[in-house]
């Protein structure tokens, strides 16, 4: 039986409404497809990796997540984590995986979150149990605030925190934020902390 030869078609061209470029030194809206790498004295902030999800799942399926709409199933944790990572391709910002510069150990996640229903971009964080109480979240959060100001020119970021989450409220205030009752959260009773970024280089 003879095989019919058909003309080979050229691959279809996809026309994107924005340039598809990988960011190398910072986000920048839709051009910022991949998270930049930020370094502080003790930390490396980098694009999330698949292995990070195991730490995220351990947190969100445990009682530690009680102030973060948890505990939840592993599937729900995956859906939330994957959506947060996708913000880098959709909006040019998102969460950073945080590693210890000296040991390379994973310490947690800090970044900018804006899922559907959020009033504006939020600065958020979580750390693994072994990293708690060592100032890692604050150090990483300051780096993200500086990066956001430098990259996007934003005047502010907010935290949206459960009113019973005393530790996160204390951290938000320690970072220089101010509780602003006039700003909306995502639910009744949320504590919203406003961070003025205008003085950051």
Expressed in angstrom and rounded, the centroid-to-centroid distance over alpha carbons for segment 79-97 and segment 136-190 is 18 Å
Inter-label distance, nm, simple model (7 Å from Cα along the C-beta direction), residue 90/residue 130: 3.3 nm
Distance from a point 7 Å along Cα→Cβ of residue 42 to each backbone N in segment 105-136: keep the residues under 20 Å and list them by number. 105-111, 124-136
In terms of the Cα gyration tensor, with a ≥ b ≥ c the square roots of its eigenvalues, is segment 30-108 rounded because a/c is under 1.5, prolate because a/b exceeds b/c, or oblate? oblate
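With a/c under 1.5 counting as rounded, go ahead and sort segment 37-196 into rounded, prolate or oblate using the C-alpha gyration tensor (a ≥ b ≥ c being the square roots of the eigenvalues; past the cut-off, prolate if a/b is larger than b/c, else oblate).
Numbers: a/c = 1.29, a/b = 1.10, b/c = 1.18.
It is rounded, given that a/c, with a ≥ b ≥ c, falls under 1.5.
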Spacing of the two label points (7 Å from each Cα toward its C-beta) at residue 83 and residue 103, in nm: 3.3 nm
Pop a pseudo-label 7 angstrom from the Cα along the beta-carbon direction at both residue 190 and residue 150 and give the gap in nm to one decimal. 2.9 nm
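What is the gain in length, in nm to one decimal, between residue 116 and residue 67 on full extension, counting 0.36 nm per residue of separation less the C-alpha to C-alpha distance?
Numbers: separation 49, 0.36 × 49 = 17.64 nm, distance 1.87 nm.
Contour length minus the Cα-Cα distance gives 15.8 nm.
Read-outs: derived from the displayed coordinates by stated rules, not from any lab. The structure displayed is predicted, hence computed values, not measured ones. Cβ sites come from the backbone with ideal geometry, for glycine too, and all protein chains shown count toward neighbours.
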